[in-house]
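First up is the structure itself, then whatever we jot down about it.
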Amino acid sequence: MDYKKLIAGKLSDLIELSNEEIEEMLEIPSKAEMGDFALPCFKLSKTMRKAPPMISDMLAEQLKTDGNIQKIQSVNGYLNFYLNKANASADILSKIMDSNEQYGGSDIGKDKTICLDYSSINIAKPMHIGHLSTTVIGNSLNRIYKHLGYNTISINHLGDWGTQFGKLIVAYKLYSSKEQVEQGGIAELTRIYVQYHTDAEENEAMDDEARAWFKKIEMGDKEALELFGLFKEITLEEVNKLYDMLEIKFDSYNGEAFYQDKMEPIIGELKEKNLLVEDQGAMVVKLDEYNMPPCMILKKDGATLYSTRDIAAAQYRKDTYDFDKCLYVTAYQQDLHFKQFFKVIELMGKDYYNDLVHVNYGYVSMEEGAMSTRKGNIIKLKDLLNRSVEKSLQIVNEKNPDLENKEEIATTVGIGSVIFAALKNNRIKDIVFSWDSALSFEGETAPYVQYTHARCASVLEKSDVLLDGDADYSTLDNQDANKVITLLRDFPEVVQNAAEKYEPSLITRHVIEIAKAFNKYYFEHRIIDEDGDEKVRARLILSKCTKQVIKTGLYLIGVKAPDKM
RNA sequence: GCGUCUGUAGCUCAGCAGGAUAGAGCAACGGCCUUCUAAGCCGUGGGCCAGGGGUUCGAAUCCCUUCAGGCGCGCCA
């Protein structure tokens, strides 16, 4: 039942506006006491040549209530509509019961493909809290779009190219060995990389040697490629453990190295279209007309750059996946870079430039300032996750010591809590990391929402009344239940909105609201009671639907919902 | 300097496709477990929505401007 359409239909005889225009004007009041829908009559006063309160009074008098709309009231120029709660509740809840985990989804993405470029880690470097945003935002958007019926391609655009790999080979030869590297993993690679930088400051010849080794990688030298492959393998093996913990998977790991042979045609095309010009020895695309600095394509020495690779990658993805949209989840420091390379693609006459989207986010810093792998002032993602799980286990032991699978639940809660916190605020906000807030499990956090989910599960398990059968929804005609139902009703719209704005936090926030409303309801009303199966059933259905929507909502942000905790 | 983002309660933030009395969480203080999970619920205090101007019946929300801060502005990614 689409109530906006229903109301618009009633109003269209009385107002000289189309049904669509009226639907646009209808809004959901800020407070439940003010009804379920409202029509502000201020805009109508010009054409109707009457004061807004007079218009709303008049409309309230002329409109008739019916089975769906219980009451229509005029308040200071607002026309408030109150739905028949029992009908509306039955309608909304049965819809959720029917669609189950599909609730909130749709098929608007049918036959459409979205590429998502996120996480995109660097080879030989540990994953730290600076990688958390791109990883969890990307994963969440991936799940959201799938839920909406899109075909998605998740891409980990590996940072696996550049002189740093020449440096790493030199460092490896000087300070390490195959055994040490295999044993120590990324930590060992980091150790020798840091050592290299310390020593290279005194010894310039080392950088020359590094450049030479990188050249060898480019030329396909056997030893160089072998070592390069080893570093890559070691990194991926370790990083995949983290992705497993987070339950994140990628469809493609094509990174910078993959595009080495795909840039030449792009450069040719740029030349052909007279976009490439020489400037101070380098080759660039001028963007003065668009109030931007030039986009560099080739360095003075003829080497390619980030932009060159990104243009080639965009073209490859278009050719391979024929995407309807391609999202890049990276920090806002790269705003200009993306604006530039999107513009270059437009100038090349490729109409898909409009489907490229930079999904940017704020950056994480330490209280002491920026993070740097080389300086060692980073917090590894592994450590953050482990500490969160550890603390979570401690709390389980305190609160629920008899619980089975304590470790498993602590893992779900601990990891969920990290992801949840990273997706709670608007993407664009900067974050100053602190252990205190990272390990906070109170208030608007994952454990709070997960706890509510477990509570629903517990009630459902405890009751003998089956969900199938007649239900008396009049028992839900109270403010607390209505609040929950309204939030459940709005969930699909929230998912849709999150997709349109590339903003998972909208879902996080909504799920918090649902949990709050249900906890309030739970405290004020008994669910399992002695007032007849039909009433109990209605309340159980409410619990079941709340559980389902929380579960789906959490899933969409990449968090699991335990049945017990 | 140019561009861009941010500025809302002590702290962290929501609200910013204009709408009714600006909301949460944390922190502080005070209540609620012999009944379905107290990782919960309720209450109290706390605001020149950075400043100024404009548009509008109506502005935290849109426009202009000032201030403060972050980020970016050719051979890194």
**OP:** Considering each residue of the stretch A:479-501, count those that are away from RNA strand B (no atom under 12 Å from the Cβ) and open to solvent by 30 Å² or more (accessible area, probe 1.4 Å), and give that number.
**Re:** 3
Original post:
When the stretch A:522-532 is examined, which residues are found to be more than 7 Å from RNA strand B (Cβ to nearest atom) and open to solvent by less than 50 Å² (accessible area, probe 1.4 Å)?
Top reply: A:532
**OP:** Restricting attention to the stretch A:465-499, report how many residues are farther than 15 Å from residue A:546 by Cβ, part of a helix (DSSP H, G or I) and among the charged types (D, E, K, R).
**Re:** 1
**OP:** Restrict the check to the stretch A:211-226 and report whether at least one residue is on the phi > 0 side of the Ramachandran plot, surrounded by fewer than 23 Cβ atoms within 10 Å (Cβ to Cβ) and not in a helix (DSSP H, G or I).
**Re:** yes
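Take the residues in the stretch A:287-315 that are among the hydrophobic types (A, V, I, L, M, F, W, C) and touching a Pro at 6+ places or on another chain (Cβ under 9 Å), then tell me which one is surrounded by the most Cβ atoms within 10 Å (Cβ to Cβ).
Here is the first cut: in the stretch A:287-315, the ones among the hydrophobic types (A, V, I, L, M, F, W, C) are A:287, A:292, A:295-298, A:303, A:305, A:311-314.
Imposing the further condition that a residue be touching a Pro at 6+ places or on another chain (Cβ under 9 Å) reduces the set to A:287, A:312.
Details: A:287: 17, A:312: 22.
The selected residue is A:312.
Here's the yes/no breakdown for (1) within 14 Å of RNA strand B (Cβ to nearest atom); (2) among the polar types (S, T, N, Q):
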| position | (1), (2) |
| --- | --- |
| A:251 | no, no |
| A:286 | yes, no |
| A:290 | yes, no |
| A:296 | yes, no |
| A:301 | yes, no |
| A:308 | yes, yes |
| A:318 | no, no |
| A:339 | yes, no |
Original post:
Out of all the residues in the stretch A:156-167, which are at pLDDT below 95 and touching a Phe, Trp or Tyr at 6+ places or on another chain (Cβ under 7 Å)?
Top reply: A:163, A:165, A:166, A:167
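Can you name every residue in the stretch A:320-330 that is in a strand (DSSP E or B), open to solvent by less than 10 Å² (accessible area, probe 1.4 Å) and either more than 26 Å from residue A:430 (Cβ to Cβ) or more than 16 Å from RNA strand B (Cβ to nearest atom) (or both)? First the steps, then the outcome.
Pass one, the stretch A:320-330, residues in a strand (DSSP E or B): A:325-330.
After this cut, where a residue has to be open to solvent by less than 10 Å² (accessible area, probe 1.4 Å) as well, the list is A:326-329.
Within the stretch A:320-330, A:326, A:327 meet the criteria.
Of all residues in the stretch A:275-286 being assigned to a loop (DSSP other than H, G, I, E, B) and at pLDDT 95 or above, which is most open to solvent (accessible area, probe 1.4 Å)? Before you say what the answer is, go through the steps one by one.
Our first condition is that a residue be assigned to a loop (DSSP other than H, G, I, E, B); within the stretch A:275-286, this holds for A:275, A:280-281, A:286.
Right, trim to at pLDDT 95 or above and you get A:275, A:286.
Values: A:275: 30, A:286: 98 Å².
It comes out as A:286.
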Original post:
Among the residues of the stretch A:369-377, is there at least one that is open to solvent by 40 Å² or more (accessible area, probe 1.4 Å), farther than 26 Å from residue A:417 by Cβ and modelled with pLDDT of 95 or more?
Top reply: no
Original post:
Just one of the numbered conditions (1) more than 17 Å from residue A:373 (Cβ to Cβ); (2) open to solvent by less than 70 Å² (accessible area, probe 1.4 Å); (3) among the charged types (D, E, K, R) is not true of residue A:160; which one?
Top reply: (1)
Subject >> Within the stretch A:506-521, tally of residues that are surrounded by 20 or more Cβ atoms within 10 Å (Cβ to Cβ) and either within 7 Å of RNA strand B (Cβ to nearest atom) or over 20 Å from residue A:95 (Cβ atoms) (or both) >> reply: 4
Original post:
In the list A:178, A:167, A:173, which residue meets the criterion of being more than 40 Å from the chain's Cα centre (by Cα) and either under 30 Å from residue A:330 (Cβ atoms) or open to solvent by 40 Å² or more (accessible area, probe 1.4 Å) (or both)?
Top reply: A:173
Subject >> Selection count where residues are out of contact with any helix residue (DSSP H, G or I) (no Cβ under 6 Å at 6 or more places or on another chain), among the β-branched types (Val, Ile, Thr) and open to solvent by less than 60 Å² (accessible area, probe 1.4 Å), scope the stretch A:419-438 >> reply: 0
Original post:
Any idea which of A:148, A:132, A:116 is in contact (Cβ under 8 Å) with a residue 24 or more places away in the chain, under 23 Å from residue A:382 (Cα atoms) and of a type in the set (A, V, I, L, M, F, W, C)?
Top reply: A:132
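Is it the case that residue A:254 is part of a loop (DSSP other than H, G, I, E, B) and within 25 Å of residue A:375 (Cβ to Cβ)? First the steps, then the outcome.
Details: part of a loop (DSSP other than H, G, I, E, B): yes; within 25 Å of residue A:375 (Cβ to Cβ): no.
The answer is no for residue A:254.
Quick one: count up the residues across the stretch A:1-23 that are charged (D, E, K, R), open to solvent by 80 Å² or more (accessible area, probe 1.4 Å) and within 27 Å of residue A:94 (Cα to Cα).
Counting residues in the stretch A:1-23 that are charged (D, E, K, R), open to solvent by 80 Å² or more (accessible area, probe 1.4 Å) and within 27 Å of residue A:94 (Cα to Cα) gives 1.
Quick one: in the stretch A:441-464, which of the residues that are within 11 Å of RNA strand B (Cβ to nearest atom) and part of a loop (DSSP other than H, G, I, E, B) is modelled with the lowest pLDDT?
Taking the stretch A:441-464 as the starting set, the residues that turn out to be within 11 Å of RNA strand B (Cβ to nearest atom) are A:441-463.
Pick out the ones that are also part of a loop (DSSP other than H, G, I, E, B) and you get A:441-445, A:463.
Working: A:441: 93, A:442: 89, A:443: 92, A:444: 95, A:445: 96, A:463: 94.
It comes out as A:442.
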Subject >> Counted residues, the stretch A:393-428 - those being within 14 Å of the chain's Cα centre (by Cα) and not in a helix (DSSP H, G or I) >> reply: 6
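Return yes or no: is residue A:349 on the phi > 0 side of the Ramachandran plot and either modelled with pLDDT of 95 or more or away from RNA strand B (no atom under 16 Å from the Cβ) (or both)? It would help to see each step written out before you state the result.
Numbers: on the phi > 0 side of the Ramachandran plot: yes; either modelled with pLDDT of 95 or more or away from RNA strand B (no atom under 16 Å from the Cβ) (or both): yes.
The answer is yes for residue A:349.
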**OP:** Just name the residue that is farthest from RNA strand B (Cβ to nearest atom) out of those in the stretch A:105-159 that are part of a loop (DSSP other than H, G, I, E, B) and of a type in the set (Asp, Glu).
**Re:** A:111
Original post:
Which condition number does residue A:333 fail, the rest of (1) closer than 30 Å to residue A:201 by Cβ; (2) of a type outside the set (Lys, Arg); (3) away from RNA strand B (no atom under 11 Å from the Cβ); (4) in a helix (DSSP H, G or I) being met?
Top reply: (3)
**OP:** Output the residues belonging to the stretch A:241-294 that are over 31 Å from the mean Cα position of the chain (by Cα) and of a type in the set (Asp, Glu).
**Re:** A:261, A:264, A:269, A:272, A:278, A:279, A:288, A:289
**OP:** Output the residue which, of all residues in the stretch A:33-48 that are within 7 Å of RNA strand B (Cβ to nearest atom) and of a type in the set (A, V, I, L, M, F, W, C), is most open to solvent (accessible area, probe 1.4 Å).
**Re:** A:42
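The values are calculated or read from the model by the stated rules, or taken from the named source; none is laboratory data. Every value quoted in this text rests on a predicted model; they were computed, and no experiment measured them. Ideal geometry is used to build each Cβ from the backbone, glycine not excepted, and the neighbour counts take in all protein chains shown. Quick note on the areas: whole protein, heavy atoms, side chains included, nothing else; ligands and nucleic acids left out. Shrake-Rupley method; radii C 1.70, N 1.55, O 1.52, S 1.80 Å.
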